[in-house]
Structure formats: C-alpha cells, structure tokens
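Notes follow the structure.
What follows is calculated from the coordinates using simple rules that are stated; it is not laboratory data. Computed from a prediction, not measured in an experiment: that's the story for all the values here. Here the Cβ positions follow ideal geometry from the backbone for every residue, glycine too, while neighbour counts run over all protein chains shown.
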C-alpha cells in the first residue's frame, strides 16, 4: 500500500489520490463479480418468469367467474375496526423493518450512521423496491442516494443488501419452518405435496438454522474477500437478527389475518394455517421479483384458502395490497421528494449538506 499513497508538501495524504490509486483494483473486483453472477442471474430470471406465468394463469382460472358486484360489496362491508387493526400491524411491521438497515450498518462497522437515517433508508428503499420489482437494484439506488451523504460507498450498499437479505431469509426459515412443522397440511393446499413431506421441509428449515448457529458459535466467521469481506454477526447477535426477521414477517401475516372474512365453520382456519399460506405466498412473490409480488401473493392465498368465499377473500387481498404496498409507496415517494427539496434549499443558502466527516489522513 506504500505505493498507493502520495503525500503532499504539507504531509497530508489526499483522499482523491488514495481513491484514484485503489479504484482500478476495486473496478476489476466489481467487474469479475458481475461476470461470475451472469449465469446464475439467467437461471433466476427463468424461475421468476415461470412463477409469474403460473400465477397469471392461476389467477385467470380463479377469477374468471368472480361476481364483481359481490366483490365491491365485500370491500364496502369491511369494518373500520378491522382496517384499523390491520393498519396498526402494517405500521408495526414497517417499524420493525427499519431495524434491518440499522443491524446491517452495525454489522459492517458503519456505527456513526444514526437510527433516523437508517430508518429513512430502510423504509423508503423497501417500500419503493417492493413495488417496483428488481428490489436489489431499486432498493440499492435509494439506499445509495441516502447513505452517500454519510460517506458510504457502492460496496457498503452491497454489504447492507447482503446482511438485510440474511435477516429476511433467516426469519423466514424460522417462522415458515416452525409453521410448516406444526401445520404441514396447510402448506399442502398450496404445493399439493403430502403433509409428511411438508413437515420434513419445515424441519429442514429449522435444522438449517440450528446448523448455522452451531457454525457461528466457536469463533467469528468471515465471508467474502478483499473489498467484499464481511464479518458475520456472532451467535448472540444472530439470534437478534433472526428475531427481527421473524417479527417483521409475523406482523405482516397478522395484518393479512386481520383482514380475512369471518372464518367458515368447517373446515376451521386458524392463524397457523394463515401464517403458512401467507409466508409461502410472500416467499413466491419475493422469488418472482414481480413488482409488488403482484398476482403471485393473490394466487397463492386464493389457492391455499378455498374455505372462504372468493369475492370476500379477494376483497381482503386487495385491501391488504393497498395498506401494505400502495400507501407506503406513496408515503415513501413523498418523504424522498421532501428530502430532496430540503437538500436543494440548503445548497441554495450555502449551508453544508454533507454530514459525513472529511476523510483526510495525516501522517506524522
């Protein structure tokens, strides 16, 4: 590294000189990573298109005989109390979601970024990314815009995406694994597999978490290399990470459950069944990369809960989409717009808009 730094006559290593010297290595590393992921991306795109195609066909088959008059009546019949309870769960879910970024920032060593900034970045990037699709790209761009004022780089944003993704998948493995182990027949309504196979899948999810925790226990674990190196959270922090992910998903499932029409007398539908079906629907929507998981969640829930009237269940799903996707998207867009206007106003008055400290190293 001695050849990568140039000292000026006043003994200061200029930040620009340091970045210029290291940029070729960083650019090469990024290029190699992108190239190595192209084949995997093609497979992922193929799977996403297949899931979306199946969802569209399924929705067409399920909804072609829907009575739209009954659908409108079912939506109008929803009580204010039910909407308020579901809305409260949605708000609680998004508050929990803000801890995804906060946890990730602490994991990668960016401890100076305050919670308010992490909450803004987490909420806006999630709300916009969930609705626009291709969440890794869209959420990453929003995060980069917000965190760049705090000195974070593209590599930092990639690390945050990795850690937040782990939080989601670990929480999903715990919650869905436990629910499928407890109520495997509920999953069978969606995937049409025997209950014992679904129970084995649930147990496999729980076992994978146990193995991961055992792997973390002896010493700090590191993934990646060079600029992409991340020290994984230790055992205690990973338990917190799993709790954040599980709580977030559980609150969203409770919001969906609160909107459901009255349960039919037979067969009875309990929260465990709704949790399994909703988490499978969410998982399929995430893998599909469809904007807002549009159509995927609806198809999975309609298939998994045939006990309810089709129009009543569809009304609950449409209301959930408004509460969880549309309203947060509008609010996130408004918040980002006001933030940009605030930054423009500060620049116009000559006030400093960059909160990060100037990264200048001095040598003895």
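Nearest 0.05, what FRET efficiency do residue 331 and residue 196 give at R0 = 51 Å with Cβ-Cβ as r? Calculated value: 0.70.
Taken along the Cα-to-beta-carbon direction at a fixed 7 Å, the label points for residue 213 and residue 83 span 4.2 nm. In a fully extended conformation the segment linking residue 235 and residue 206 would gain 8.9 nm over its present Cα-Cα distance, using 0.36 nm per residue. Packing here is the average count of other Cβ atoms within 10 Å per residue, and on that basis the peptides 120-128, 172-180, 314-322, highest first, run 120-128, 172-180, 314-322. In terms of the mean number of neighbouring beta-carbon atoms within 10 Å, the peptides 277-284, 142-149, 109-116, 341-348 order highest first as 277-284, 142-149, 109-116, 341-348. Ellipsoid fit via the Cα gyration tensor, segment 89-128: semi-axes of 19, 9, 8 Å, each the root of five times an eigenvalue, largest first. Taken over the C-alpha atoms, segment 81-347 has Rg and Dmax values of 19.3, 64 angstrom. Our analysis of segment 205-270 gives Rg over Rh at 1.23, with the two radii drawn from alpha carbon positions and Rh computed by the Kirkwood formula.
The largest-to-smallest principal axis extents of the Cα set in segment 156-258 are 46, 30, 22 Å.
Extending 7 Å from the Cα toward the beta-carbon at both residue 149 and residue 132 defines two label points whose distance is 1.8 nm.
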